[in-house]
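Colleague: Quick one: structure below, then a few questions.
The values are calculated or read from the model by the stated rules, or taken from the named source; none is laboratory data. All values derive from a computational prediction rather than experimental measurement. Neighbour counts are summed over all protein chains in view; Cβ atoms, including those assigned to glycine, are modelled from backbone coordinates with ideal geometry.
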């Protein structure tokens, strides 16, 4: 309990002070207000620290992809922890795709698996649940796919060029099957990403396309009210430019196609809000 007391200093000035049985009297003017201070984070768990150490050794190539780690007992002794701590650290790194356990053989440094990245991105997109996320994904598609088309024109293999042409022909044959057309549409865009000969494009694009699957199906089911020929022509313009190895024409054809698709997404979003 604090009391406010008053005392007179040597110059005859009366000053208010705080006083308690356990503290000295301190003038109120000298009291310091506690600023907003973030509490300290808890200390990292031991197994997390071990996991980070092992991960660091993988990054600096102490252990490379495919290498077998020392036995659990040796790791526990080296880190000065229990085998249980090492076991938990390995589980953490397995979940991240850094390590993999082979029954009866041991623990190995995992090989690069881009599907893990794609699944993580897809999960992130599914959990966002924010307004206008669909339009933001369309913006990302526009940035990615325009350059993908140009690179595909430069790098696609003869087999990939032929497969793109075949897909366009098959789409015309299935003009009365919207869901089949939607699946072919997915396939065409992903094949273009593969034809760019950069696996990261597929990692980034596949989750976006999957998240927009509903829009693809919606679009093909309602193209009946639009000139269906225009959609086929857009795809064929992209594929023809790729097949002919003309990156600038492929880029422009994709710009026009994504712009048309953006209008469909906007229409669907407007219908949701009305």
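Colleague: Can you tell me how many residues in segment 88-104 are outside any strand (DSSP E or B), within 33 Å of the chain's Cα centre (by Cα) and farther than 12 Å from residue 46 by Cβ?
Modeller: Number of matching residues: 9.
Colleague: Just checking, does segment 209-216 include any residue being out of contact with any strand residue (DSSP E or B) (no Cβ under 8 Å at 6 or more places or on another chain), assigned to a helix (DSSP H, G or I), modelled with pLDDT of 80 or more and more than 14 Å from residue 150 (Cα to Cα)? Explain how you work it out, then say what you get.
Modeller: Here is the first cut: in segment 209-216, the residues out of contact with any strand residue (DSSP E or B) (no Cβ under 8 Å at 6 or more places or on another chain) are 209-216.
Now drop any that are not assigned to a helix (DSSP H, G or I), which leaves 209-211, 213-216.
With modelled with pLDDT of 80 or more added as a condition, the list becomes none.
Within segment 209-216 (the criterion being out of contact with any strand residue (DSSP E or B) (no Cβ under 8 Å at 6 or more places or on another chain), assigned to a helix (DSSP H, G or I), modelled with pLDDT of 80 or more and more than 14 Å from residue 150 (Cα to Cα)), the answer is no, since none of the residues qualifies.
Colleague: Looking only at segment 187-201, count every residue that is assigned to a helix (DSSP H, G or I) and surrounded by 18 or more Cβ atoms within 10 Å (Cβ to Cβ) and tell me the total. Write out each step before concluding.
Modeller: Narrowing segment 187-201 to residues assigned to a helix (DSSP H, G or I): 187-195, 199-201.
Keeping just the survivors that are surrounded by 18 or more Cβ atoms within 10 Å (Cβ to Cβ) gives 188-189, 191-195, 201.
Of the residues in that region, 8 qualify.
Colleague: Yes or no: segment 152-162 includes at least one residue that is under 14 Å from residue 253 (Cβ atoms), modelled with pLDDT under 95 and under 27 Å from the mean Cα position of the chain (by Cα).
Modeller: First pass over segment 152-162, keeping only residues under 14 Å from residue 253 (Cβ atoms): 152-153.
Filter once more, keeping what is modelled with pLDDT under 95: none.
No, because not a single residue in segment 152-162 is under 14 Å from residue 253 (Cβ atoms), modelled with pLDDT under 95 and under 27 Å from the mean Cα position of the chain (by Cα).
Colleague: Using the structure shown, decide if residue 170 is free of Cβ contacts under 8 Å to residues at least 12 places away in the same chain, assigned to a helix (DSSP H, G or I) and farther than 20 Å from residue 205 by Cα.
Modeller: It is false that residue 170 is free of Cβ contacts under 8 Å to residues at least 12 places away in the same chain, assigned to a helix (DSSP H, G or I) and farther than 20 Å from residue 205 by Cα.
Colleague: Here's another thing I want to ask about it. Can residue 231 be described as at pLDDT below 90, surrounded by 19 or more Cβ atoms within 10 Å (Cβ to Cβ) and over 21 Å from residue 136 (Cα atoms)?
Modeller: On the way: at pLDDT below 90: yes; surrounded by 19 or more Cβ atoms within 10 Å (Cβ to Cβ): yes; over 21 Å from residue 136 (Cα atoms): yes.
Answer is yes for this residue.
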